[in-house]
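Everything on this sheet refers to the single structure shown next.
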Amino acid sequence: MYIFRDTGEAEAALTGREAAVTVLFSARGSYQRGGYAPWPLFECLWHTGDGEIALRHNRTNQIKCSVGQINLDTTAFSDISVWRQYRLELVRLNSAEAEVTVSIDGTEVWKNRCPPADDGSQAASISLHHPEGSPPHVMFGYIIIVPSLGAADAAAVAEQSLGRIAAAAGIDPFLYPAADESCFTFEPLPPVPDAGAYEGDACPFTVLPGGKADVDPELLPSGGRVRKVRRPAETGEPFPVPGKHGNGVSVFAGDWPVPGEGFPGTGPVFSSVAEAVEALPPEGGTVYAAPGIYTGPLDIPGKNAALIGSDPFTTIITGYAALTNGIRRNVLVRAGSDRASGDRACSDPAARSFRAENITFWNKGSRWNTFVGYPERRGAAFGMEQVCGALFRNCLFLGEQDTLYLRNGIARFDTCYIEGDIDFICGGATVLFNCCHLHILNHVPAFITAAAPVNDCIPPEHPLYEALTGKVRVEGFPGLQGFIFHRCLITMDSGLKTPVHLGRGPWRNGSGLPDGVKEEVRSSVTFIDCDFGTETEPFLIDRNELWCSMDAPMGDPEEGGELYRVYRCRVNGAPL
């Protein structure tokens, strides 16, 4: 047993024959500027002699190992700014697998199996310290390290209470060191702007006469080559006729001309999309948005609503929503059902629909975080949960990390442009992306998808199957589950010099389902008849590393595991 008091780090040499190591410590952390994101609290590294077993707490309040994580915000122990008793049990099952258990204040919050990482054959040791970037006033009251040489010894330690171990160590685990309380306060954030851009903010807008905004394709990372989205004026498409969506109730947002001069119908006019949505009756209806910039966030709860713009390059919903956890967004469409019950989102396919057409959704959340000094890139341009039968047509979704957070439900995207870098299409919904353009920003590492357990598998007999799939029929894929990309174009920034992963998963903590249901339902991503880059715009891909794991091993599709597939796809013009 090794004992340390009032210290910021501890390290002990080991023999390399240990079967398990238990680390007990008390800790108190603090929050970053603004108070919503914690500083990293601890990093525990066990060098076994032939690998590394690690547990780390990070800025998004997760405790992670090499594969898997627990978000403390989903537990009763989310507040790390109070003194808590932590217990980490690391067990080496064999050379290829370890088991980790995390308990806080005597309650087990997480148990997970993961493979040890390669550590360059460092000497056997165990250490606990504050991660790089953590402020110096985050502290440990005590650290107790108990190595176990055999399975029976490890089991005996696991059964020992904190009180008995502390008594054997001769310490009082509830005697906390004095601290300067002012160190644990945080500076409030400046107010989030309603619109506009900060100095240096890369803004893909130009200003038209009269003050209207226009998304300039040349300023998008795809370099003006937004292949799948078109201005309706260029295609000769008329503006959608009121009454063709929802239940026929129509309201209008923005600066519409007076009736008789291009006004597309009758109905009340509101200055913002949020006010127009609020004015819809409980059964829903359609909001027609005039060209302009509308600031978010926008929450649409439980209404069968539609948002229709006249041109995606001039009708823009934007904002700086950028908190670090959960389904943060500029726009969130959700139903009022209880997702904790484990019910699938579309058990009643007649309820909770949504439609968006000819609109740009742009989240500048990562820019806001940069402005206030945070490294996080999160900021969902659009979020969806418990929505059944959503349809998006001719829309642009601009973000970086988590651009589309489709937690659960059923949706279809037609001829849309979606850009981002880390997990920019994520969640557990069943979604068909048909003839869309995906663009990966210049960031390392880059991942297109993060697939959570699928909430709704859609067999051909499902009432929404025909409407969602249209003419998409591929032998070997009789139904729909997870993310399906059909006839999509996927491009990347020319400055990105490392291969892009098509996705990672299974993202066990990302679907909003209870644990029992998560274990029942697998995650799935399928690319069908897609083009990754072109001969003149090459796409970097590692054919041996198309996918990577996140919370659990990928599994074997033949054994009923996770499903990650490419079918009749091309990379730079050649078969993938």
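Would you confirm whether or not segment 294-304 contains a residue that is of a type in the set (Val, Ile, Thr), within 28 Å of the chain's Cα centre (by Cα) and in a strand (DSSP E or B)?
First, pick out the residues of segment 294-304 that are of a type in the set (Val, Ile, Thr): 295, 300.
With within 28 Å of the chain's Cα centre (by Cα) added as a condition, the list becomes 295, 300.
Filter once more, keeping what is in a strand (DSSP E or B): 295, 300.
Yes, segment 294-304 contains a residue that is of a type in the set (Val, Ile, Thr), within 28 Å of the chain's Cα centre (by Cα) and in a strand (DSSP E or B).
If Gly379 meets every condition in (1) within 19 Å of the chain's Cα centre (by Cα); (2) of a type outside the set (Val, Ile, Thr); (3) more than 26 Å from Pro38 (Cα to Cα) apart from one, which number is that one?
Of (1) within 19 Å of the chain's Cα centre (by Cα); (2) of a type outside the set (Val, Ile, Thr); (3) more than 26 Å from Pro38 (Cα to Cα), only one is false for Gly379: (3).
Let me confirm something: among Asp50, Asp6, Asp73, which residue is modelled with pLDDT under 90, surrounded by fewer than 17 Cβ atoms within 10 Å (Cβ to Cβ) and assigned to a strand (DSSP E or B)?
Only one candidate passes the filter, namely Asp6.
Six or more apart or on different chains, Cβ atoms under 8 Å: show the pairs whose first residue is in segment 492-511 and assigned by TED's automatic domain parsing to the domain that holds Val571 and part of a loop (DSSP other than H, G, I, E, B) and whose second is surrounded by fewer than 24 Cβ atoms within 10 Å (Cβ to Cβ) and aromatic (Phe, Trp, Tyr).
Val500/Phe539
Which members of segment 137-169 meet the condition of being among the small types (Gly, Ala, Ser) and either crowded, with 17+ Cβ neighbours inside 10 Å or in contact (Cβ under 8 Å) with a residue 60 or more places away in the chain (or both)?
Step one: filter segment 137-169 for residues among the small types (Gly, Ala, Ser), giving 141, 148, 150-152, 154-156, 158, 161, 163, 166-169.
Hits for segment 137-169 are Gly141, Ser148, Gly150, Ala151, Ala154, Ala158, Ala166, Ala168, Ala169.
Checking the structure you have, find out if any residue of segment 101-110 is exposed (fewer than 15 other Cβ atoms within 10 Å of the Cβ), in contact with an Asp or Glu (Cβ under 7 Å, 6 or more places away or on another chain) and among the hydroxyl-bearing types (Ser, Thr, Tyr).
For segment 101-110, residues exposed (fewer than 15 other Cβ atoms within 10 Å of the Cβ), in contact with an Asp or Glu (Cβ under 7 Å, 6 or more places away or on another chain) and among the hydroxyl-bearing types (Ser, Thr, Tyr): absent.
Just one of Cys530, Cys548 is within 19 Å of the chain's Cα centre (by Cα) and either surrounded by 20 or more Cβ atoms within 10 Å (Cβ to Cβ) or modelled with pLDDT under 90 (or both); which is it?
Working: Cys530 fails: within 19 Å of the chain's Cα centre (by Cα).
Step by step, each of Cys530, Cys548 is checked, and only Cys548 is within 19 Å of the chain's Cα centre (by Cα) and either surrounded by 20 or more Cβ atoms within 10 Å (Cβ to Cβ) or modelled with pLDDT under 90 (or both).
Which ones in segment 453-468 are crowded, with 19+ Cβ neighbours inside 10 Å and either outside the structural domain of Ser353 (by TED's automatic domain parsing) or closer than 21 Å to Cys435 by Cα (or both)?
Result: Ile458, Leu464, Leu468.
Among the residues of segment 350-402, which ones are more than 22 Å from Gly428 (Cα to Cα) and either in contact with a Cys (Cβ under 8 Å, 6 or more places away or on another chain) or at pLDDT 90 or above (or both)?
Glu357, Asn358, Ile359, Thr360, Asn394
Which residue, of Asn94, Asn112, is under 29 Å from Ala168 (Cα atoms), among the polar types (S, T, N, Q) and modelled with pLDDT under 95?
Numbers: Asn94 fails: under 29 Å from Ala168 (Cα atoms).
Unique residue meeting the criteria: Asn112.
When you go through (1) charged (D, E, K, R); (2) surrounded by 22 or more Cβ atoms within 10 Å (Cβ to Cβ); (3) not in a strand (DSSP E or B) one by one for Glu89, which number turns out not to apply?
In the conditions (1) charged (D, E, K, R); (2) surrounded by 22 or more Cβ atoms within 10 Å (Cβ to Cβ); (3) not in a strand (DSSP E or B), Glu89 misses (3) alone.
Quick one: which strands (runs of 3 or more DSSP E) sit completely within segment 375-486 and have at least 2 residues that are farther than 20 Å from Ile528 by Cβ?
Numbers: elements: 382-385, 387-393, 396-398, 404-406, 409-414, 417-420, 425-427, 430-434, 437-440, 447-451, 483-486.
The strands (runs of 3 or more DSSP E) meeting that bar are 382-385, 387-393, 396-398, 417-420.
The values are calculated or read from the model by the stated rules, or taken from the named source; none is laboratory data. A quick note: this is a predicted structure, and the numbers were derived from the prediction, not measured. Positions of Cβ are backbone-derived with ideal geometry, glycine not excepted, and every protein chain shown enters the neighbour counts.
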